[in-house]
Each structure stands twice: as structure tokens, then as C-alpha cells.
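A.B. asks: Dumping the structure here so I can ask a few things about it.
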Amino acid sequence: MKIGDLNKRITLQAPTKVSDGMGGFSTVFSAVASSIAAAIWPVSASDTIQANATVMVVTHRIRIRYRSVLKTSWRVSWGGRYFTIVSIIDPSMDHKFLDLLVKEAT
């Protein structure tokens, strides 16, 4: 892979618990790192039935430069779309790139 293949810009977001003022908490996502160079490939799509409605689940593979702090509880934001991280893979085990297997519900 050439560095020029990382032609998309994504934002990594981490969940943060915020007080709702009534003694409880809600989870919001805040940007941890933005304008990260990435390559994005669609992998598959499937229809599922949830709450009597058809929901399209699209899975993608996102490649970024290696980051040791990345967690599967984080999500990826790209062009107004949000992707849940399902798995993090170091494809060549040399800490150069990471492949994120993600899913998007539309």
C-alpha cells in the first residue's frame, strides 16, 4: 500500500459519560483525533429486521496508520457517517498500519 492511497480524512471519537443533571449519565462521543488519513473500502452489506423495520447494515474496512491507543469502544466519523469499530487488526504485525473492521447502520 502506498501512502497516497490514504486519501480520505476521518475522525476518531471516544465515548464519554456526561451527567444529565438528574443523577444519571448519558453517553456522548467526543473527538479524540481528527483529520486522520485513511483508506476506506466497502466489504459487504446485509438487510436485517429490527423492531419490525428493515435496517441495512454495511460493513467497511478502514486502513489508517498505526495507533497504539485505539479501542473498539470508539467510533469513526467520516463525511457525516458514523461507523462502529468491530475489530482492530495489525495486518502485517509490524505496527505500520491498522485495519479497522467497522459497521454502519443506515
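The values are calculated or read from the model by the stated rules, or taken from the named source; none is laboratory data. Everything numeric in this text was worked out from a predicted model, so none of it was measured. Backbone-built Cβ (ideal geometry, glycine too); neighbour counts: all protein chains shown. Only protein heavy atoms, including side chains, enter the accessible area calculation; ligands, DNA and RNA are left aside. Shrake-Rupley method; radii C 1.70, N 1.55, O 1.52, S 1.80 Å.
A.B. asks: Rank-order 43-51, 10-18 by packing density, defined as the average count of other C-beta atoms within 10 Å over each peptide's residues, highest first. Numbers along the way, then the final one.
C.D. replies: Details: 43-51: 9.2, 10-18: 16.0.
So the order, starting with the most tightly packed, is 10-18, 43-51.
A.B. asks: Taking only protein heavy atoms into account and a 1.4 Å probe, give the accessible area per residue of the chain in Å².
C.D. replies: For the chain, the solvent-accessible area averages 63 Å² per residue.
A.B. asks: For region 45-97, what is the charge dipole size about the Cα centre, in debye to the nearest 20, if Lys and Arg each add +1 at the Cβ and Asp and Glu each add -1 at the Cβ? Provide the component values of the computation, followed by the final result.
C.D. replies: Values: 8 positive and 3 negative charges, 55 e Å.
That gives region 45-97 a dipole magnitude of about 260 debye.
A.B. asks: If I model a spin label as a point 7 Å beyond the Cα along the Cα-Cβ vector, how far apart are those points for F97 and N7 in nm?
C.D. replies: Once both label points are built, they end up 1.5 nm from each other.
A.B. asks: Check T72: other-chain or 5+ apart residues with amide H under 5 Å from its amide H, H built from backbone geometry?
C.D. replies: When sequence neighbours closer than 5 places are left aside, there are no close amide H contacts.
A.B. asks: I've got another one for you. With Kirkwood's inverse mean 1/r over C-alpha pairs for Rh, give me the Rg to Rh ratio of region 4-55, two decimals please.
C.D. replies: Working: Rg = 17.2 Å, Rh = 14.7 Å.
Result for region 4-55 is an Rg/Rh of 1.17.
A.B. asks: For the chain, what does the relative contact order come out to in percent, with C-alpha contacts under 8 Å and a separation of six or more? Don't skip to the end; give the middle numbers.
C.D. replies: On the way: 227 pairs, mean separation 26.0, N = 106.
Value for the chain: 25 percent.
A.B. asks: What's the carbon and sulfur percent of the chain's accessible surface, probe 1.4 angstrom, rounded to a whole number?
C.D. replies: Taking all protein chains in place, the chain shows 53 percent carbon and sulfur surface.
A.B. asks: Please find the FRET efficiency linking T72 to D20, where r is the Cβ-Cβ separation and R0 is fixed at 41 Å, and quote it to the nearest 0.05.
C.D. replies: Working: r = 25 Å, r/R0 = 0.62.
Approximately 0.95, to the nearest 0.05.
A.B. asks: About the Cα centre, and with charges only on the beta carbon of Lys, Arg (+1) and Asp, Glu (-1), how big is the dipole of the chain? Nearest 20 debye, please. Please report the intermediate quantities before stating the final value.
C.D. replies: Working: 13 positive and 7 negative charges, 64 e Å.
Magnitude of the dipole: close to 300 debye.
A.B. asks: Still on this structure, please answer the following. Give the label of the value calculated from the structure for semi-axes √(5λ) of the Cα gyration tensor in Å, choosing from (i) 32, 16, 10; (ii) 26, 20, 12; (iii) 66, 16, 9.
C.D. replies: (ii)
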